[in-house]
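The values are calculated or read from the model by the stated rules, or taken from the named source; none is laboratory data. Nothing here was measured: the structure is a model prediction, and the numbers come from that model. Glycine also receives a Cβ, built like all others from the backbone with ideal geometry; neighbour counts cover every protein chain displayed.
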């Protein structure tokens, strides 16, 4: 892969409404990007898939949403203020003599540690258990670059998983397996890199970087860290195990996944050029579980009211069951196929004159271009 691929991905994202440069009408603003309608849907689907796999399918994870701006004492205790220096965005809270200097959070983790006691008091969880959060973080990067790779405003999907110190390796391996499974499900090939001692964060006793081959080279995508009891000790928080009558500080295993880097890796992995029907085409080979549009519904001809009405009827019926559908009657059928291919829509459904007679439609597969007749009653099962 070369930077030519990155240029093509960036161009497609702008052209098709996935990602736009922030503040573009004023020349842009380095380190910041805006997501368009299709980018919002792709991000949402990735986050929902994370939420399902890492939280809903388990019984030991407690999701929370914490403040972007917190007491500066949290960042002093965590070591971020002296450790990160100018990389933290400062802000003023209050007015006049009541003004307090605080920070836009540089990570989501500390909000979870700060709420450890609240979760324990409210839900009385047994170890091991985790606290999860998806949210924005901010770092004043000196040189933001490479599209969505290095940003000043970004979103994280993280879990702080609390365990007994003697059990950390067992649960480290558990989350390692889950993260590998998630990568396969969103269509990203990852490479594990054991981070050497001298390159690990100050709080970590073991870290695996899940790396991805970006167009500019291999780089970090996600991380899995064993944070020991560093954070709870800094915040003077402990846990009482009433089964053994002991009070101690749990250790932490942290799966950390960046939303924006995941979007970038998914787009780079999905970008495909081939030849179909004697013509060159570009398409996104997105997993149907995260594609912004699951299927598009077309009338064969837009100047035939009976076809348009039938297509809209089918579209509305299916959309009540599968929300991320699209209706398209602009241009000829070939151009519609190419448009949907380029945004990664896995299936196209065409209503023609035969549909009016026998309630069958043409179902087209994005990757192969193959078409088959299928009964309307079987459509939902075929595209879900």
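Return only the number of the condition from (1) assigned to a helix (DSSP H, G or I); (2) touching a strand residue (DSSP E or B) at 6+ places or on another chain (Cβ under 9 Å) that residue 133 does not satisfy.
(1)
Of all the residues that make up the stretch 30-81, how many are under 22 Å from residue 185 (Cα atoms), in contact with a helix residue (DSSP H, G or I) (Cβ under 8 Å, 6 or more places away or on another chain) and in a helix (DSSP H, G or I)?
10
For the stretch 106-116, check the following and say yes or no: at least one residue is more than 25 Å from residue 171 (Cβ to Cβ), assigned by TED's automatic domain parsing to the domain that holds residue 165 and either free of Cβ contacts under 8 Å to residues at least 60 places away in the same chain or part of a strand (DSSP E or B) (or both).
Yes, the stretch 106-116 contains a residue that is more than 25 Å from residue 171 (Cβ to Cβ), assigned by TED's automatic domain parsing to the domain that holds residue 165 and either free of Cβ contacts under 8 Å to residues at least 60 places away in the same chain or part of a strand (DSSP E or B) (or both).
Within the stretch 91-115, can you find the residues that are in contact with a strand residue (DSSP E or B) (Cβ under 8 Å, 6 or more places away or on another chain) and loosely packed, with under 12 Cβ neighbours inside 10 Å?
Across the stretch 91-115, the qualifying residues are 92, 94, 99, 100, 101.
Take residue 298 and tell me if it is part of a strand (DSSP E or B) and either touching a helix residue (DSSP H, G or I) at 6+ places or on another chain (Cβ under 8 Å) or more than 17 Å from residue 18 (Cβ to Cβ) (or both).
It is true that residue 298 is part of a strand (DSSP E or B) and either touching a helix residue (DSSP H, G or I) at 6+ places or on another chain (Cβ under 8 Å) or more than 17 Å from residue 18 (Cβ to Cβ) (or both).
Out of 258, 219, 181, 223, report the one residue that is touching a residue at least 60 places away in the same chain (Cβ under 8 Å) and surrounded by 19 or more Cβ atoms within 10 Å (Cβ to Cβ).
Exactly one of 258, 219, 181, 223 is touching a residue at least 60 places away in the same chain (Cβ under 8 Å) and surrounded by 19 or more Cβ atoms within 10 Å (Cβ to Cβ), namely 258.
For every residue, the table says whether it meets (1) in contact with a helix residue (DSSP H, G or I) (Cβ under 8 Å, 6 or more places away or on another chain); (2) farther than 30 Å from residue 69 by Cα.
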{"site": "140", "(1), (2)": "yes, no"}
{"site": "146", "(1), (2)": "yes, no"}
{"site": "149", "(1), (2)": "yes, no"}
{"site": "157", "(1), (2)": "yes, no"}
{"site": "164", "(1), (2)": "no, yes"}
{"site": "177", "(1), (2)": "no, yes"}
{"site": "185", "(1), (2)": "yes, yes"}
{"site": "193", "(1), (2)": "no, yes"}
